[in-house]
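Trainee: The structure under discussion is supplied below as structure tokens; questions concerning it will follow.
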Ligand code: ADP
Ligand code: MG
């Protein structure tokens, strides 16, 4: 149960004075639903205003507060266009106050001949000075705009000032909370207590220290939750699954394992032979051969009489893994099945039965495979491929659900800098496949302006004529699946005109599953030469004969995404090429990203640079992936504070494993504050 002291913070925003359904609706658009959301909706900067007796040209571009007397009103001539009210200052300068809508309101606010205090940004428009949509107050009545005002991320229906007031109300409602941070740390950095730090972060957006404390709180809650998860998983006993080598010996692989694959497979076998459940993260760049390692682990489980489940992030990948595993395992008597959202009716029933009675050894699927209705006879190993959609909270659930938790292997091709590994996988042991299978040549990457699209299509023509296959990835359009799909459809239409309908396939996220599969299958078989796609093909898709990757609008993709996309090629023996087509308008960081892609194929280097290039102020790409992300902590906070928070949390648990003492209790409050409620359930009792 959440401590009572936090209740005012978890009340809905409507609990605040003056917040009705209308304001609540606007707040909801910003994701602000409860008082605590408002508290942590911190300003990103502040406006500085000059209070001046009269205007001079030096003030152009600045925010000013000045007394003006309206002298003339000019309504728009045709009924459209802005309303302009001319006003003069104390020295006789004339300035236009411009309103694009609501002329009646403007007139009322600025009656001719009456002095008003006006504030806004002074701009020069030709010879004319103007302020667009100024704030207006009557001298002596009500406060003037502040000389400094924090600036909040806004949405329609909410002014900055209103948000500031709401934040102040939320702060008033906030209790003083007991200190959960190690006292020596608080003293070292001179951190103030939680509530004053929050107040300061709202008042002084540019001050670093209060925000850092708040970021630390969040990182600390996260590390503590992960440690509790690890402890609780480690306390549980599970069935050792050493395997007897019967199936792995029978396996006929077309190639030798790389040294790295052998080493990692050994580490996993060692873990699985224990009574303590495995918690292992397997990192390996795209194409390094993680699937095979997972398969060996699953065979150990099956040899020991247990079942294994393999979770893929997308339908396409689940089908692909299913096909691969079936191809290699059916002949040695392993019973492999698939379960996704698409298996329905009888087919689904049959799989559920097979899992319950143990006649299925190995299940591949999407998140459907860990739903409540899916009961395994004896689940011994869970493999999570391409983790980023299977976050901490899901891992918590999986571990909390099972009385005898399965051994857990999480695989990722997204190279994660070490500090981020700590905050995302702090509870896990880490293995890395740091070597590519032999015979791969690095993908040659070129950046081309979209003015040369014609040449790219000619190049594609030659590539297809020579028997090659290619991906063509279409850009993200305003982040919406719908318009992504439209862009991809249009590109496919154009390419089909040139290469024929039967040579160009199309997949995007809005297509039905079976349709997508059919297209993927035709591409994998070589029937289709080119596959036009949105980023649905980003993760894991494996078609070795495809050696050309074309990415349109490449500047709009993030580095990790580009690296993933490029990883779709360079999987066979042939030389592979990646063409990054860029638009005319390149931001500084867009340019830097493309340059880096051209320069290196090293996923870890790209990940580190990615972290750096995001720069201060940008949140880690966690939120959009649905992971319980960080609301205050920024990339640089994590880099700086994750290890400290980890050590602090370890120390606390060593001294007070049940979190029963005063600091332990405070730490519990911190876990609830950041909604790591599930972790509290894992605290050792007694
Ligand atoms: P990822 O780590 O990205 O999941 P995959 O498991 O899909 O990589 O493997 C990429 C490709 O490399 C596959 O076509 C796979 O068959 C092949 N492969 C894996 N291991 C080896 C190996 N030891 N030698 C040669 N090819 C391999
Ligand atoms: Mg893979």
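Trainee: Highest first, please rank the peptides 561-571, 341-351, 7-17 by the mean number of other Cβ atoms sitting within 10 Å of their residues.
Mentor: 561-571, 7-17, 341-351
Trainee: If we count other beta carbons within 10 Å of each Cβ, what is the order of 436, 353, 278, fewest first?
Mentor: Listing 436, 353, 278 from fewest to most nearby Cβ atoms yields 353, 436, 278.
Trainee: Go ahead and estimate [θ] at 222 nm for the chain from helices alone: -39,500 (n - 2.57) per DSSP H run with n ≥ 4, summed, over the residue count, rounded to 500.
Mentor: Helices in the chain give a 222 nm mean residue ellipticity of -12500 deg cm²/dmol.
Trainee: May I ask you to order 53-64, 642-653 by the average number of other C-beta atoms within 10 Å around their residues, highest value first?
Mentor: Output ranking for 53-64, 642-653: 642-653, 53-64.
Trainee: Hey, what angle do you get for helix 392-401 against the long axis of the chain, alpha-carbon based, 0 to 90 degrees rounded to 10?
Mentor: For 392-401 against the chain, the angle is about 50 degrees.
Trainee: Also: Please state the Cα pair-distance histogram of segment 1-141 with 10 angstrom bins from zero: what percent is in each bin?
Mentor: Over segment 1-141, the share of Cα pairs per 10 Å bin runs 11, 30, 22, 21, 12, 4, 1 percent.
Trainee: Got a sec? How would 575, 121 order by Cβ neighbour count within 10 Å, fewest to most?
Mentor: The fewest-first ordering by Cβ neighbours comes to 575, 121.
Trainee: So, by mean Cβ neighbours within 10 angstrom, what's the order for 135-145, 588-598, 180-190, 318-328 with the highest one leading?
Mentor: The packing order, highest mean first, is 318-328, 588-598, 180-190, 135-145.
Trainee: Taking one equal scatterer on every alpha-carbon of the chain, how large is log10 of I(q)/I(0) by Debye at q = 0.09, 0.10 1/Å?
Mentor: -0.94, -1.09
Trainee: Now for a different question. Label-point separation (nm) for residue 251 and residue 356, each offset 7 Å from Cα along Cα-to-Cβ?
Mentor: Distance between the two pseudo-spin positions: 3.2 nm.
Trainee: Bin by bin, in steps of 10 Å, what percent of the Cα pairs in segment 278-433 do you find, going until the bin that has the longest distance?
Mentor: Cα pair-distance distribution for segment 278-433, in percent: 11, 43, 36, 9, 1.
Trainee: Continuing with this model, one more query. If you average the sequence gap of Cα pairs under 8 Å that are 6 or more apart and divide by the length of segment 309-395, what percent do you get for the contact order?
Mentor: About 42 percent, as a whole number.
Trainee: Compute the helix-to-body angle for 290-303: its Cα long axis versus the longest principal axis of the chain, expressed 0 to 90° and rounded to tens.
Mentor: Once rounded, one gets 50 degrees.
Trainee: Using all C-alpha to C-alpha distances in segment 84-190, build P(r) with 5 Å bins and read off the rounded percent in each one.
Mentor: It works out to 2, 9, 14, 16, 15, 12, 8, 5, 4, 5, 5, 4, 0, in whole percents.
Trainee: Taking the Cα atoms of segment 523-613 alone, what are Rg (to one decimal) and Dmax (as a whole number) in Å?
Mentor: Using the Cα atoms of segment 523-613, the pair Rg, Dmax is 13.4, 42 Å.
Trainee: Sorted from largest down, what three extents in whole angstroms do the Cα atoms of segment 103-148 have along their principal axes?
Mentor: Taking max minus min along each principal axis of the Cα atoms, segment 103-148 gives 34, 29, 17 Å.
Just so you know, all these numbers are worked out from the coordinates, no wet-lab data involved. All values reported here derive from a predicted model rather than from experimental measurement. We place every Cβ from the backbone using ideal geometry, glycine too, and count neighbours over all the protein chains shown.
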